[in-house]
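Remarks on the structure that follows.
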Amino acid sequence: MTIMSIDVSPIIKIERTQHSRINEVDFNNLPFGQEMTDHMFVCDFKEDKWQQPQIVPYQNISLDPSSKIFHYGQSIFEGMKAYKDDNGKILLFRPLDNQKRINISAKRLAIPELPEEYFMEGLKTLIKLDSDWIPTTEGSSLYIRPFIFATGNGLHASPSDEYKFIIACSPSGAYFGGKVKVLIEQKFSRSANGGVGYAKAGGNYAGQFYPTNLAIEKGYQQVIWTDDTTHQYIEEAGAMNIFIRIGDTLITAPTSDRILDGITRKSIIELAKDEGIKVDIRNISINEVVEASEIGTLKEMFGAGTAAIISPISGFGFQGKDYDLPEFENTYASLLRKRITDIQYNRTEDKFGWRVEIK
Ligand code: PLP
Ligand code: COI
């Protein structure tokens, strides 16, 4: 089996914990993103450069109340996972894409870009150190959260001169318990042309909470975002990209200023094509989806993202009416979920070269 590998750099200063918390964690009942591993990677940006990177015991951080993160929200993050195969090999999935994307986000939020090796070596060294925390129970993995935020002081509304880059990890189970029922949103927008929707900026998520709470009050679990200009076109599903199957064609919106260029999305597109499934990357209107539902050609809808992998949608609400999706075996969602997780957990050949082993 071909697995790409990367080397470890010696530049990181490591302080190991004296008190591992690993025995306090129930690895058979892992929630998503609640338990944190023993260590974290930290690197500060000061005096115009990224400083000596370190790995330290997972701990609180202390910040001046005038730190710019609290006032102007200069913060970005990534989401990725580490997997352990049946032989104990540790694997990442397309990590260079996360490294590139954090710098795309950094640029948009006026945050200094990270040198590639700080991201990759930090990640690799931290995961090796906390490798006992990678869960092996079915459906679980080590969720990895790299993030950068503004630590410079002062209330002037201008970019910070100091930042902190942290990588923290959490052994995690499934993000959603089962199928989700979604509400197509036409009043609120997640993002706008010229905005920050394509970046993984913390504020993008804060802005989703209120409309999502309103949807939850009405009995839905997630919001389907539509374009901010006409609210006629379907764009994303909460913190996931969206796929819609009409007949035997899989449709997903093209990426834009408003949509996150998801790594799961682009992998699913390639895997679907590899399966001989017709994939259309085009704008898809709510009318088309409603009509397809009414005439019975709407077969599946699912969200795709690192945390949720592939999350099937059971039905959607639109303008006061609920539309159910059909239940059947051998869905594209289950086929593509198996294809992607088999690659991630090293259960199959990886002809795309997406897996990276950490040695
Ligand atoms: N869209 C949004 C808004 C997200 O937050 C995410 C999650 O990361 C995704 C899509 C899926 O992206 P990826 O597959 O790279 O995790
Ligand atoms: C991910 O899928 O990794 C994300 O970043 C979504 C997150 C908000 C849980």
Exercise for the section: Determine if the range 315-329 includes at least one residue that is under 25 Å from LEU96 (Cα atoms) and surrounded by fewer than 17 Cβ atoms within 10 Å (Cβ to Cβ). Expected result: no
Completion exercise
Apart from one, (1) surrounded by 15 or more Cβ atoms within 10 Å (Cβ to Cβ); (2) touching a residue at least 60 places away in the same chain (Cβ under 8 Å); (3) within 22 Å of PRO112 (Cβ to Cβ) all hold for SER172; the odd one out is (3)
Handout entry: strands (runs of 3 or more DSSP E) wholly inside the range 1-102 that include at least 3 residues being of a type outside the set (A, V, I, L, M, F, W, C) and over 29 Å from LYS351 (Cβ atoms)
Key = 39-46
Fill in the blank from the handout: Filter the range 299-332 for residues that are touching a Pro at 6+ places or on another chain (Cβ under 9 Å) and away from ligand 2 (no atom under 16 Å from the Cβ); the one that is farthest from VAL182 (Cα to Cα) is THR331
Problem - Residue ID - farthest from LEU325 (Cα to Cα), chosen from residues in the range 238-265 that are of a type in the set (S, T, N, Q) and surrounded by 21 or more Cβ atoms within 10 Å (Cβ to Cβ) - result: THR264
Practice task
Kindly indicate which of ALA199, ALA272 is away from ligand 1 (no atom under 14 Å from the Cβ), of a type in the set (A, V, I, L, M, F, W, C) and either assigned to a loop (DSSP other than H, G, I, E, B) or crowded, with 21+ Cβ neighbours inside 10 Å (or both).
Solution key: ALA272
Practice task
Would you check if ALA110 is part of a loop (DSSP other than H, G, I, E, B) and in contact (Cβ under 8 Å) with a residue 60 or more places away in the chain?
Solution key: no
Exercise for the section: Output the residues belonging to the range 275-310 that are assigned to a helix (DSSP H, G or I) and either buried (at least 17 other Cβ atoms within 10 Å of the Cβ) or hydrophobic (A, V, I, L, M, F, W, C) (or both). Expected result: ILE286, GLU288, VAL289, VAL290, ALA292, SER293, ILE295
Exercise for the section: Starting from the range 75-95, keep only residues that are free of Cβ contacts under 8 Å to residues at least 12 places away in the same chain and of a type outside the set (A, V, I, L, M, F, W, C), then list their pairs with residues that are within 16 Å of ligand 2 (Cβ to nearest atom) and in a strand (DSSP E or B) whose Cβ atoms are within a distance under 8 Å, requiring at least 6 positions of separation or different chains. Expected result: none
Handout entry: Selection count, the range 176-196, where residues are of a type in the set (Lys, Arg), part of a loop (DSSP other than H, G, I, E, B) and under 14 Å from VAL223 (Cβ atoms)
Key = 2
Completion exercise
Here the residues within the range 202-243 that are assigned to a helix (DSSP H, G or I), more than 15 Å from ligand 2 (Cβ to nearest atom) and among the small types (Gly, Ala, Ser) are ALA215
Handout entry: Matching residues, the range 114-164, being within 16 Å of ligand 2 (Cβ to nearest atom), assigned to a strand (DSSP E or B) and of a type in the set (A, V, I, L, M)
Key = LEU142, ILE144, ILE148
Practice task
Working only within the range 181-212, note down all residues that are touching a strand residue (DSSP E or B) at 6+ places or on another chain (Cβ under 8 Å) and of a type in the set (Val, Ile, Thr).
Solution key: VAL182, ILE184, THR212
Practice task
Could you please tell me which pairs satisfy a Cβ distance under 9 Å, a separation of 6+ or placement on different chains, a first residue in the range 20-46 that is free of Cβ contacts under 8 Å to residues at least 40 places away in the same chain, and a second residue that is in a strand (DSSP E or B)?
Solution key: none
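Each value in this text was obtained by applying a stated rule to the coordinates, not by laboratory testing. Just so you know, these numbers come straight off a predicted model, no measurement behind them. A quick note on method: Cβ atoms are made from the backbone with ideal geometry, for glycine too, and the neighbour counts reach across all protein chains shown.
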